[in-house]
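**Q** Dumping the structure here so I can ask a few things about it.
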Amino acid sequence: MHELSIVMSILDIAQKQANKAQAQAVEEIELEIGELTGIEKMSFDFAWKQAIRGSILENVELKIIRPLGIGKCMDCDEVFEMKQIFDACPICKSPFVAIKSGKELRVKSLVVT
Ligand SMILES: [Zn+2]
């Protein structure tokens, strides 16, 4: 499952950061998951709950920021909101779109104790 491997890599990052800071636990974690990453909130939550059990993230407060998908048409320069990664320009129907936001997938911040 896609979401589970993502959660596992987040867990790995958190573990390394906590080790570096010699922390006992992670209090808060803030993730940035763009709307165009294809990550489903429900399957992410499911994978998350399973993966953090017994880990350093067990009692963490999880915050998720979901940047909207924003694309800029390479033909007419229209800037528009994208729902899917292959959305065409709504004005000229061009399929050539530069994605400006929505593909973010990272740990934005981490608070350890
Ligand atoms: Zn266009």
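**Q** Answer yes if at least one residue in segment 3-22 is farther than 19 Å from V107 by Cβ and assigned to a loop (DSSP other than H, G, I, E, B), and no otherwise.
**A** No, segment 3-22 contains no residue that is farther than 19 Å from V107 by Cβ and assigned to a loop (DSSP other than H, G, I, E, B).
**Q** Count, please, the residues in segment 64-108 that happen to be away from the ligand (no atom under 16 Å from the Cβ) and open to solvent by less than 90 Å² (accessible area, probe 1.4 Å).
**A** Qualifying residue count for the region: 11.
**Q** Among the residues of segment 3-51, what is the count of those that are under 22 Å from G69 (Cα atoms), touching a residue at least 40 places away in the same chain (Cβ under 8 Å) and open to solvent by 20 Å² or more (accessible area, probe 1.4 Å)?
**A** 6
The values are calculated or read from the model by the stated rules, or taken from the named source; none is laboratory data. On a predicted model such as this, the values are computed, not experimentally measured, just so you know. Here Cβ is always computed from backbone atoms with ideal geometry, including for glycine, and neighbour counts include all displayed protein chains. Surface accessibility is based on the protein's heavy atoms, side chains included, excluding ligands, DNA and RNA. Shrake-Rupley method; radii C 1.70, N 1.55, O 1.52, S 1.80 Å.
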